[in-house]
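Following: one structure in structure tokens, then a few remarks.
All of the numbers you see were taken from the coordinates with simple rules; none came from a lab. Quantities reported herein were computed from a predicted structural model and do not represent experimental measurements. Glycine gets a Cβ as well: all are built from the backbone with ideal geometry, and neighbour counts include every protein chain shown.
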Amino acid sequence: MRTTSAPLIISLLLSLAIASCATAPPPPAPAPAPIVYMPHDPNPPPPDEWNLLPDPTTGQVDVYHQGGYIGSVTGNEPADQDPPIPHPVPHQDN
């Protein structure tokens, strides 16, 4: 390295240091979104209750909604029903 190139390198590094200090600071971060407090509903809606009662001896599944009999799935439903739709079936008491 020559002695004449040392001042040139020093002046180059000095100009880079001054230029890096002259850049604008990054923009401030956006403010966080406000937190909305939602009070607890004292009267929640009743649960949507479905009950399925399968009979392992016949394969029939009785379907109840909100405590009322909707129908049964017997396995004889049309093939285009997916899932099968319960239909009323007379109950046989033993």
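Under the classification rounded if a/c is under 1.5, otherwise prolate if a/b is larger than b/c and oblate if not, where does segment 48-94 fall, given a ≥ b ≥ c as square roots of the Cα gyration tensor eigenvalues?
It is oblate, given that a/c is not under 1.5 and a/b is not larger than b/c.
Placing +1 on the Cβ of each Lys and Arg and -1 on the Cβ of each Asp and Glu in the chain, which of 85, 31, 42 has its Cα farthest towards the positive end of the resulting dipole?
31
Ranked highest first by average number of other Cβ atoms within 10 Å, how do 11-21, 63-73 line up?
Highest mean packing first, the order is 63-73, 11-21.
I want the local charge near residue 64. Using Cβ-Cβ distances under 14 Å, sum +1 for each Lys or Arg and -1 for each Asp or Glu among the other residues.
-4
Please determine, in degrees from 0 to 90 and to the nearest 10, the orientation of helix 5-21 with respect to the longest principal axis defined by the Cα atoms of the chain, where the helix direction is its Cα long axis.
On a 0 to 90 degree scale, this one is about 40.
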